[in-house]
Amino acid sequence: MIARWRELDAPILARITDSRGRYRYWQRGSGYDRVLLTDDAIRNTIRSIHRNPVRRGLVDTPEDWAWSSTRQYRDDREGQVPIDRGL
């Protein structure tokens, strides 16, 4: 993505460049990519993602977040975004 933005001389490059001249494509914070190798790791990550709106104080329960797939995982109701129920 960075290479393409360079080709285009995209204005966003100035916004994502840190004080050392490095590009920060991802948000600052503790987030990092991870390889989920087991079904348990996948389930735990999904549960954690479901709790994000609650942790941020946006809703009282994961089910209250309109875009959450929590309801679909718990009781098969359809949500805003279809999910693969393979897990």
Quick note on V35, V59, V54, ordering by fewest other C-beta atoms within 10 Å, gives V35, V59, V54
Can you work out the Karplus-derived ³J(HN,Hα) for every residue in the stretch 65-71? Use 6.51 cos²θ - 1.76 cosθ + 1.60 with θ = phi - 60°, whole Hz, and x for glycine or proline. 7, 4, 9, 6, 8, 3, 4
What does the highest-first list of 64-74, 40-50 look like by mean Cβ count within 10 Å? 64-74, 40-50
Rounded to one decimal in nm, the spacing of the 7 Å Cα→Cβ label points at S19 and D39 is 4.9 nm
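Quick note: the coordinates plus some simple rules give every number you see, no bench work behind them. A quick note: this is a predicted structure, and the numbers were derived from the prediction, not measured. As a convention, Cβ positions derive from the backbone with ideal geometry for all residues, glycine included, and neighbour counts pool all protein chains shown.
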